[in-house]
Amino acid sequence: MKISLKRNRFAGLHMPALAPPLATVALLAVAFLLLPSRAPAMSVGELVFDPAEPRPGDIVRVVTRLPMKVHAGTLTVEGRTFKGFETGGLMTTYIGIDLGVRPGLKDVRWRMGAETGAYGVRVVDREFGKESLKVASSYTDLDPKTIKRVTAEKIRLDKLWKQSTEERYWSKSFVRPAVGPGGSPFGLRRFFNGQARSPHSGIDIKANRGSEVYASNSGMVVVADDLFFTGNTVVIDHGLGLYTIYAHLSKIEVEEGVMVERAQLLGLVGATGRVTGPHLHWAAKLGGARVDPLGLPGLVF
Ligand SMILES: [Zn+2]
């Protein structure tokens, strides 16, 4: 009993002795983070890319200094224009490098107020695997009625990807939309029943049929509909040309035109559309570019 008390006192006496150095280290760490950077100030039109050498399918964070009294601007690369937003005198813009972009030096043209210019970024090569899948022949040999339907759906979506809502609906990091291990990765060159088709423009999450699908971030539901290839599909507009897509759902729990919060229930995992089994197909579009959703800002997968 006595020994136990002594030990407790011993520990109690040593804790305060250990605490000050720890507290000092923590304070120093905070102070270091708050210190202004010694790097020379970024000039207007000097673009800093993260990642510095993006690959096809990457979402790239670009930061530059805004001219005085200018609060927004745009960046244009490979024919796609992306809107930036102000973050304390700087402009942050997320740009999408489409899955099909060829590697090489690319011109990024910027416009901020009346000022314009260009800056270069190198897109580096990325290897994508291949995948052969067997699906019902009705998904590869389309009848005339289905071709008409697929064409109308493509026109509807292509029109949507070209729209860029002025407002940015999100401010927090993106979250994973379903629980489950990863399936087919982004960018796979695909063959359905032996026929070459579009590459895999999203990722698959092997979630169980009926498990919940959540909004990766806040935004507006712009599609909540049954589409031929992607089955029951929800599309969220996050603003500034960024969209996330949730496909093959067994049930949709939201309606078009409503605002959703981050992690709000969108529907349930299913196997509708062109699939080989139940899973969540999750994709993202940025300025119309097909980008890997795993690159969404702040996402930890
Ligand atoms: Zn998929």
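The values are calculated or read from the model by the stated rules, or taken from the named source; none is laboratory data. All figures in this text were calculated on a predicted structure; none of them were measured in a lab. Glycine also receives a Cβ, built like all others from the backbone with ideal geometry; neighbour counts cover every protein chain displayed.
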- Query: What are the residue pairs meeting all of these: first residue in region 278-301, first residue more than 15 Å from Ile245 (Cβ to Cβ), second residue within 13 Å of the ligand (Cβ to nearest atom) and part of a loop (DSSP other than H, G, I, E, B), Cβ atoms under 6 Å, and 6 or more apart or on different chains?
  - Reply: Pro278/Ala271
- Task: Just give me the residues in region 252-289 being basic (Lys, Arg) and in contact with a helix residue (DSSP H, G or I) (Cβ under 9 Å, 6 or more places away or on another chain), in sequence order.
- Result: Arg274, Lys285
- Note on the structure: How many residues of region 254-284 are surrounded by fewer than 18 Cβ atoms within 10 Å (Cβ to Cβ) and in a strand (DSSP E or B)? The answer is 2
- How many residues of region 274-301 are modelled with pLDDT under 95 and either within 16 Å of the ligand (Cβ to nearest atom) or of a type in the set (A, V, I, L, M) (or both)? The answer is 7
- Note on the structure: Apart from one, (1) at negative phi; (2) modelled with pLDDT of 95 or more; (3) not small (Gly, Ala, Ser) all hold for His248; the odd one out is (1)
- Task: List every residue pair whose Cβ atoms lie under 6 Å apart, where the two residues are 6 or more positions apart in sequence or sit on different chains, the first residue falls within region 192-215 and is more than 14 Å from Ala284 (Cβ to Cβ) and touching a residue at least 24 places away in the same chain (Cβ under 8 Å), and the second residue, located anywhere, is of a type in the set (Phe, Trp, Tyr) and assigned to a strand (DSSP E or B).
- Result: Val213/Tyr246
- Note on the structure: Per the filter on region 170-205, residues among the hydroxyl-bearing types (Ser, Thr, Tyr) and within 15 Å of the ligand (Cβ to nearest atom) are Ser184, Ser198, Ser201
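Residues are listed down the side, and each one gets a yes or a no for (1) at pLDDT 95 or above; (2) in the same structural domain as Ile59 (by TED's automatic domain parsing); (3) under 22 Å from Thr140 (Cβ atoms):
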residue	(1), (2), (3)
Phe174	yes, no, no
Ser184	no, no, yes
Phe191	no, no, yes
Gly194	no, no, yes
Ser198	no, no, yes
Ser218	yes, no, no
Thr230	yes, no, yes
- Tell me, please, whether a residue that is under 19 Å from the mean Cα position of the chain (by Cα) and more than 16 Å from the ligand (Cβ to nearest atom) can be found in region 206-216. yes
